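Here is the structure we will look at.
The values are calculated or read from the model by the stated rules, or taken from the named source; none is laboratory data. Every value quoted in this text rests on a predicted model; they were computed, and no experiment measured them. Reconstructed Cβ throughout: ideal geometry from the backbone, glycine too, with neighbour counts over all protein chains shown. Areas reflect the complete protein model, heavy atoms only, side chains present, ligands, DNA and RNA absent. Shrake-Rupley method; radii C 1.70, N 1.55, O 1.52, S 1.80 Å.
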Amino acid sequence: MRVLGSAKLAFGTALLGVLWADPDRVVVLQRLGADFRVSVVDTRRLRVVSRARLAGGTVVDAGRTSSGVALLLGPNYEIGPARLLLVGARGGVRQIGLGTIRAGAAWHEGTPPVGNQWSPALAADRNSDTVYVVSTEGSVAEVGVASATVTFRTLRGRFAKVFAGASRDAFFLDGRIVVTGEAMELTTAIDGAVGGATTPFGLETIDPSSWQVTRIAPAVSDARPWGSAIVTTG
């Protein structure tokens with residue numbers, strides 16, 4: 001391993017993440033106060049070729065599309081409508097509202113402070129250039145990257161069960177959206193102490209051609225692709 005070069009970014013900003021958009025371009029996400037700065041770096045010329053300042057939020061998930069990267073955002077310090085940010089490898093930025101899908105975290109005063117968190121998941125299919133946002137409440141937003149159109153799908157069954165808070169993780173594998181995650185439930189001990197307990201969501205797959213949900217395993221809270229297989233933990 002050796003250093004090939006470096007590109008200067010703006011000072012006074014917090015680095016939030018780096019994603020490869022294509023073999024020659026890297027998308028860098030930085031915090032500017034309550035807002036974001038998205039910069040595109042040319043890795044051959046080692047210089048920033050595009051910058052855009054965007055309204056603030058919290059990055060919930062991210063994935064690579066055929067033409068750049070997709071960022072799933074929730075509002076700052078509250079639970080509210082999620083947004084999808086599409087950043088092209090050449091610097092173009094588009095924002096899409098996902099009004100029926102909630103994301104974010106909210107804290108309530110108390111001793112100790114108690115919070116609710118909602119974390120939907122993003123899965124990108126580069127072959128069809130489609131981004132799927134899987135909510136914690138039993139729906140999926142299907143977003144065409146080229147057209148920036150959104151279609152909401154409502155699913156049924158155990159997929160729609162949530163507690164005080166929930167998180168989802170998703171990826172695209174062999175024509176299916178693979179979904180895992182967990183639910184968070186507040187607990188109160190006999191002495192009045194407030195704590196939390198988590199329950200695995202399980203492992204499910206969604207077929208976007210028919211929107212059929214298949215339940216594979218119940219005691220799973222995390223999964224990763226490995227070739228055409230899935231490695232799970234819970």
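Of the solvent-accessible surface of the chain, computed with a 1.4 Å probe and all protein chains present, 53% belongs to carbon and sulfur.
Of S139, S210, S128, the residue with the greatest mean-square motion in the GNM of the chain, using alpha carbon springs below 10 Å, is S210. With the highest mean first, a sort of the peptides 66-72, 39-45, 99-105 on other beta-carbon atoms found within 10 angstrom per residue produces 66-72, 99-105, 39-45. Count Lys and Arg as plus one, Asp and Glu as minus one, and take only other residues whose Cβ is under 13 Å from that of V150; the net charge is then +2. Summing Lys and Arg as +1 and Asp and Glu as -1 over all other residues whose Cβ lies under 15 Å from the Cβ of E78 gives a net charge of +1. Working from Cα pairs under 8 Å separated by at least six residues, relative contact order for the chain is 10 percent. For the residues T232, T130, T198, a 1.4 Å probe over the protein chains yields an accessible-area ranking, largest first, of T198, T232, T130. Annotation: per residue accessible area for the chain equals 53 Å², rounded to a whole number [probe 1.4 Å, protein chains only].
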